[in-house]
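Report on the following structure.
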Amino acid sequence: MEVTPENQITPKVTVQKKSKLKKARPMKMTVKNIWKHRAMYIMLLPCIIFFIIFSYLPMAGMVLAFKEFRFDTGLFGGPWVGLKYFERFFQDPQSWVYVKNTLIISGMKLLLAMPFPIILALMFNEIKNNKLRSFFQSISYMPHFLSWVVVVGIIQSILAPNTGLLNEMISSAGGDGSTYFLMDEDYFHSIMFWSYVWKDIGWSSIIYFAAIAGIDPALYEAAAIDGASKLRQIWHITLTGIRPTILILFILSLGNILSAGFDQIYLLKTPGNAEVSEIIDTYVIRTGLQSGQFGYATAVGMMQGVVGLLVVLAVNRFASKKFNTSLW
């Protein structure tokens, strides 16, 4: 039998060398690409360092969820307590009140507040004058750059009893102008929700407006020729075109399902509305920093992160199967 290249047996050594070359080639290309775009990676470096220092290194402290913290032994020297802190949280009836308050507040922010920036982006898209649109966009962005300390200070001035703007308007209309709105739990959710919408609606609309700008204008022209009204175009073209963006942002926000926003709630919380404003975040600060129960507070905070991760994974899988849109 004549030996030809087709029936010749390749030695094992040659095959192993080829496999090593195949593995080394992508690594070499990756290094070359990084070096080629080194300026971009250098610009990215501060962001990476930031997350390493403030997000990844602090994860070592999660060990306190299973250890008893003692000042004389340090972070890792205390005795192991197992799941003691988790059992304590779930066995405390008051803890479920904090969970309920957190879910209500975060649900209002995630579900009820979500349409507002979308509607605002749609309104910006209908303004054809670029200068006028930029003016209104700048105004809507401004509250985002104010800290919650400033915003809550404004709210307290407006809602103050007797001297507040709202109470003065009520008094001028013949009503009782001595209502202390922030001390009444019946007004807490309304104050919390509308202050949150006012502060973040402009900033949140940026991504939606950018997604709308990426829709092909020819689709609108074809719809107009077919006789579709402006509302029909918005419903069938605009909202359909930005649906993946809406889903991605919604999935990302679900990671904070058990974190209702510490800054705002902590500053709006008063003894009068504490029954509905005490959430897991404020509870963690109160038990951890104020009471010195670092292990217990770490366990509660860890539970928040784990639940948020599981919710994101579940909803991301559902969105991938149902809408063919997902984070990964």
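Since every read-out is calculated from the coordinates, none of them should be taken as a lab result. Owing to the predicted nature of the structure, the values given are computational and were not obtained by experimental measurement. Counting neighbours? That spans all protein chains shown, and the Cβs are built from the backbone with ideal geometry, glycine included.
When you look at Thr298, is it under 25 Å from Tyr85 (Cα atoms), polar (S, T, N, Q) and free of Cβ contacts under 8 Å to residues at least 40 places away in the same chain, yes or no?
Working: under 25 Å from Tyr85 (Cα atoms): yes; polar (S, T, N, Q): yes; free of Cβ contacts under 8 Å to residues at least 40 places away in the same chain: no.
It is false that Thr298 is under 25 Å from Tyr85 (Cα atoms), polar (S, T, N, Q) and free of Cβ contacts under 8 Å to residues at least 40 places away in the same chain.
Residues that are surrounded by 16 or more Cβ atoms within 10 Å (Cβ to Cβ), of a type in the set (Ser, Thr, Tyr), in contact (Cβ under 8 Å) with a residue 40 or more places away in the chain and assigned to a helix (DSSP H, G or I) do occur in the range 261-279, at least one of them.
Which helices (runs of 4 or more DSSP H) sit wholly inside the range 168-251 and have at least 3 residues that are polar (S, T, N, Q) and under 30 Å from Gly107 (Cβ atoms)? Passing ranges, in order: 188-213. Checking the range 236-251 against the condition returns a match, with at least one residue being under 30 Å from Phe86 (Cα atoms) and of a type outside the set (Lys, Arg).
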